[in-house]
Amino acid sequence: MQAFTQLSGIVAPLDRPNVDTDAIIPKQYLKSIKRTGFGPNLFDDWRYLDAGEPGQDHSQRALNPEFVLNQSRYQDTQILLGRDNFGCGSSREHAVWAFMDYGIRVIIAPSFADIFFNNSFNNGLLPIVLDEATVDGLFDEVEAQPGYQLTVDLEAKCITTPSGREIAFDVDEYRRYRLLNGLDDIGLTLQHADAIKAYEAQRQKTAPWLFS
Amino acid sequence: MAKTLYDKLWEQHVVRVNDDGTALLYIDRHLVHEVTSPQAFEGLRLAGRELWRRESIVAVPDHNVPTTDRDQAIADPVSRLQVETLNDNASDFNLTFFKMNDVRQGIVHVIGPEQGATLPGMTIVCGDSHTSTHGAMGALAFGIGTSQVEHVMATQTLVMQKSKNMRVTIEGSVGAGVTAKDIVLAIIGEIGTAGGTGYTIEFAGQGIRDLSMEGRMTVCNMAIEGGARAGIIAVDEKTIDYFKGRPFAPKGEQWERAVEAWRDLKSDEGAVFDREIVIQGRGIAPQVTWGTSPEMVVPVSDRVPNPAEAGDEVKASGMQKALDYMGLTAGTPIEEIAVDKVFIGSCTNSRIEDLRAAAEVAKGRKVAGNIALAMVVPGSGLVKKQAEEEGLDTVFLEAGFEWREPGCSMCLAMNADRLEPGERCASTSNRNFESRQGLNGRTHLVSPAMAAAAAVTGHFTDVRQLTAQEA
Ligand code: SF4
């Protein structure tokens, strides 16, 4: 997993609630058996004017000028500002892979759907929950100021705005530790292999039908 | 202390508690399909890791498989590669596997219970959000991402944070013609699509107890559309009867022991829930979604709502966006909305009871002239076989429906079954998101009986009027 420590980058506002993972990466791209290459198809239905298919040269397709990430001021976006229930719907981790591949490493929203939230941490994408009023404020600032950037510091659990205002955020300690160090969850869990085996031995006695 | 069903299931599966309060949770059953597993298998190989417990895995292709011409190779080369990759992984890792043309093949959430591979009291995961379905049998079942799929493969566990407890009680029975789908759509309409975020929802009350196991699966299936990763329902005699004699269910003395344990799978009297919702069963009518989120739902007798009356700016603009996408005008009676296609299928509503309910409406009627395609896609090869034994295929075919091979099909349109831009569909699936059923397609979620009613009348119709004529 890619480690995350600190990032300063362009912020783009995606002003709609319930952004679902079908919208983040449409189903036709889920046929890939790889983890990479999803970036050009991030938000495919919203981003392009034509219908996209896997294997196309996406750089030749007509862009939808209305879509936020296509606007010149939001080129090189690394931080996305979203609304409630971000990442709802399908469990597809391809949604997170698409953000990573595109170059977005942080998403800030008032709330995230559970599975997407988990998937993000497992890939080095940092989802940050801030209260509604703070998110509203950030939307106003981003829209008012071209080139708006935020600095996100995971070590300090702090976001800094261009005016120097600091916004603290909360993140689960275990996840923060893993993300800061780019640690593989499986390796950490396997340190407890004996505990897992002991559990299995015990459980086999009380619920043997689960092991037959 | 009195415990909720969720508390019990959780406690039975904790391997260890980490310093930060998260737990390592043991996973009993791992269901695998072709879309979310290839990268996990690849990850295992790259790291030189083995499966922790091969026997815990049941694999099946469902998302990509065609619903016609199954004797031919899959036409789409990308889909074919993905299905073949699952075939290869299943044979390399020696998994229990139902290949495409096995009669036991079907949608992963239909075949799990059908085979008795998912049982009460288990923790069940799958790289698929609708894994919540299996909670209907008193199991803790939830969807996971591909990294977690790999984690479970390698360790048989997940690092989890315990969620909060919510109980949704349907007080009293629902009326005739009102189904499990209507109940769960009404619940989502009430709590919203994020209402269950961070909770495990236990569905309870007379309206839930009355349901068959199939109906309960429909309800738990859509817990995720209410934001909850898991939905659960207490075990009762219906649950136990359902599993008796299923291929993977315990036998003999093991069965007796299992049943004894399962009888405790209910919330204790006096257990405390962090949030309680009570809905009167008799107040629930057949539901139709009008927008692009499952919470955008109204009773069929209602009208398309007006954003101006939302009373909140963000909400109103969301509603207007949805209306624009759906090509609908506020105030239009739902029953005046004509549809182009009808899809009866998906892990929400493709079990035998669903097909019976739709066939009952279709029987002796014809698909209306304005319907371009009405299709029935059974949830599994065994559901299909049983339906054919009951003559349901003939009922559908005579009415003008297509009768297809099992799979996810037009629920997400990864195979050839899809909506064309602008087409409007009455669908028994679970998501009405933009372009879910095909680019710029328009989805209205309904029950199987309501979908059949829309097929034979050409527009949304309160199915109770059709069935009342017969009575
Ligand atoms: S039927 Fe639809 S919701 Fe269910 S598993 Fe298949 S694609 Fe997912």
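The values are calculated or read from the model by the stated rules, or taken from the named source; none is laboratory data. Please read these numbers as outputs of a predicted model, since none were measured by experiment. Glycine gets a Cβ as well: all are built from the backbone with ideal geometry, and neighbour counts include every protein chain shown. Calculation scope for accessible area: heavy atoms of the full protein, side chains included, ligands and nucleic acids excluded. Shrake-Rupley method; radii C 1.70, N 1.55, O 1.52, S 1.80 Å.
Which is farthest toward the positive dipole end of chain B among B:Thr146, B:Tyr26, B:Gly379, measuring Cα position about the Cα centre, with Cβ charges +1 (Lys, Arg) and -1 (Asp, Glu)? Checking the options against the dipole of chain B, the answer is B:Tyr26. Straight-line cross-link partners of A:Lys205 among the lysines, defined as a Cα under 21 Å from its Cα and at least 8 positions apart when in the same chain: A:Lys197, B:Lys8, B:Lys251. Of the residues B:Thr155, B:Gly189, B:Ser212, the one whose Cα sits farthest toward the positive end of the charge dipole of the range B:139-212, with +1 on the Cβ of Lys and Arg and -1 on the Cβ of Asp and Glu, is B:Thr155.
Mean partner shielding of peptide B:228-234, defined as the number of other chain Cβ atoms within 10 Å of each residue Cβ, is 1. With the simple spin-label model, which puts each label point 7 Å out from Cα in the Cβ direction, the B:Ala47 to B:Asp241 separation comes to 4.5 nm.
Report the net charge of residues surrounding B:Ser447, where surrounding means a beta-carbon distance below 13 angstrom and charges are Lys +1, Arg +1, Asp -1, Glu -1. With Lys, Arg at +1 and Asp, Glu at -1, the net is -2. Counting Lys and Arg as +1 and Asp and Glu as -1 over every other residue whose Cβ lies under 12 Å from the Cβ of B:Thr218, the net charge comes to -2.
Under 5 Å between amide hydrogens, built in the peptide plane, is the criterion, and for B:Asn18 it picks out B:Ala23, B:Leu24 among residues at least 5 positions away or on other chains.
Listed by chain and number, the aspartates and glutamates whose alpha-carbon sits under 18 Å from that of B:Lys366, ignoring those within fewer than 8 places in the same chain, are B:Asp340, B:Asp393, B:Glu398, B:Glu402, B:Asp462, B:Glu470.
Gain on full extension, evaluated as 0.36 nm per residue between A:Asp136 and A:Ser59 minus their Cα-Cα distance, stands at 24.4 nm. Here the contact order of chain B, divided by its residue count and restricted to Cα pairs under 8 Å and six or more residues apart, works out to 17 percent. Only alpha carbons enter this Debye calculation for the range B:165-268, each as an equal point scatterer, and the log10 of I(q)/I(0) it gives at q = 0.15, 0.24 Å⁻¹ is -0.66, -1.25.
When +1 charges are put on Lys and Arg Cβ atoms and -1 charges on Asp and Glu Cβ atoms, the dipole computed for the range B:124-207 relative to its Cα centre reaches about 160 debye. Local charge for B:Val168 was computed over the other residues whose Cβ lies under 11 Å away, with Lys and Arg +1 and Asp and Glu -1, and equals -2. Using a probe of 1.4 angstrom and keeping all protein chains present, the accessible surface of the range B:258-324 works out to 52 square angstrom per residue.
The fraction of accessible area contributed by carbon and sulfur in the range A:6-181 is 46 percent, rounded to a whole number (1.4 Å probe; ligands and nucleic acids excluded).
For the protein assembly as shown, a crude dipole built from +1 on the beta carbon of Lys and Arg and -1 on the beta carbon of Asp and Glu, taken about the Cα centre, is about 1100 debye to the nearest 20. What does the buried accessible surface come to for A and B, summed over both chains, with the probe at 1.4 Å? Round to 100 Å². Between A and B, the summed buried area is about 5300 Å². Helices in chain A that qualify as membrane-span-like (whole DSSP H runs, Cα extent of at least 15 Å along the helix axis, mean Kyte-Doolittle hydropathy of -0.5 or higher) are A:132-144. Taking N as the residue count of the range B:1-60, its C-alpha radius of gyration divided by 2.2 N^0.38 Å amounts to 1.46.
Between B:Glu313 and B:Val17, the contour length at 0.36 nm per residue exceeds the Cα-Cα span by 102.2 nm.
In order along the range B:306-320, phi translates into HN-Hα couplings of 9, x, 4, 9, 5, x, 7, 5, 4, 5, 4, 5, x, 5, 5 Hz, rounded to whole numbers, per the Karplus curve 6.51 cos²θ - 1.76 cosθ + 1.60 with θ = phi - 60° and x for Gly and Pro.
Taken as Cα centroids, the range B:377-415 and the range A:141-212 sit 43 Å apart, rounded to the nearest whole angstrom.
All Cα-Cα separations within chain B were binned at 10 Å from zero, giving a P(r) of 4, 21, 31, 27, 13, 3, 0, each value a whole percent of the pairs.
Every Cα-Cα pair of the range B:139-199 was included, and the share exceeding 13 Å stands at 75 percent. Computed over protein heavy atoms with a 1.4 Å probe, the accessible surface of the range B:396-471 works out to 27 Å² per residue. Where the alpha-carbon atoms of the range B:319-446 are placed on the principal axes, they occupy 47, 30, 21 Å, in descending order. Entry for the range A:6-181 at q = 0.12 Å⁻¹: log10 I(q)/I(0) = -0.53, Debye formula applied to identical alpha-carbon scatterers, no solvent contribution. Of A:Thr160, A:Thr36, A:Thr189, which is the most mobile in a GNM of chain A whose springs link Cα atoms less than 10 angstrom apart? It is A:Thr189. Basic side chains Lys and Arg get +1 at the Cβ, acidic Asp and Glu get -1 at the Cβ, and with that the dipole of the range B:1-42 about its Cα centre reaches some 240 debye. Comparing B:Pro250, B:Ser173, B:Ala330 along the charge dipole axis of the protein assembly as shown, the residue lying farthest to the positive side is B:Pro250, per the Cβ-charge model.
Accessible-area loss of 50 Å² or more (1.4 Å probe, protein heavy atoms, chain alone versus all protein chains) is found in the range A:1-21 for A:Arg16. Sequence-distant or interchain residues sharing an amide H contact under 5 Å with A:Ile10, placed H: which? Sorted by chain and number, the residues that satisfy this are A:Gln78, A:Ile79.
Multiplying the residue separation of B:Ser212 and B:Lys251 by 0.36 nm and removing their Cα-Cα distance gives an extension gain of 11.7 nm. Listed values for the range A:150-167 are Karplus-derived 3J(HN,Hα) couplings in whole Hz (6.51 cos²θ - 1.76 cosθ + 1.60, θ = phi - 60°), namely 10, 10, 10, 10, 6, 4, 8, 6, 8, 10, 10, 8, x, 7, x, 5, 10, 10, and x replaces Gly and Pro. For peptide B:200-212, the mean count of partner chain Cβ atoms within 10 Å of a residue's Cβ comes to 0. Near the amide H of B:His459, within less than 5 Å, lie the amide hydrogens of B:Val339, all on another chain or at least 5 residues away, with H placed in the peptide plane. Among the listed pairs A:Lys27/B:Lys238; B:Lys238/B:Lys384; B:Lys321/B:Lys363; A:Lys27/B:Lys363; B:Lys321/B:Lys341; B:Lys341/B:Lys363, those whose Cα-Cα separation exceeds 30 Å are A:Lys27/B:Lys238; B:Lys321/B:Lys363; A:Lys27/B:Lys363. Kirkwood Rh over alpha-carbon pairs of the protein assembly as shown, then Stokes-Einstein at 37 °C and 0.692 mPa s: what D in µm² s⁻¹, rounded to an integer? The diffusion coefficient I find is 130 µm²/s. Distance between the 7 Å Cα→Cβ label points at A:Glu155 and B:Lys99: 5.5 nm. Geometric descriptor of the range B:234-319, per residue, is 204 Å³ (volume of the convex hull of the Cα atoms).
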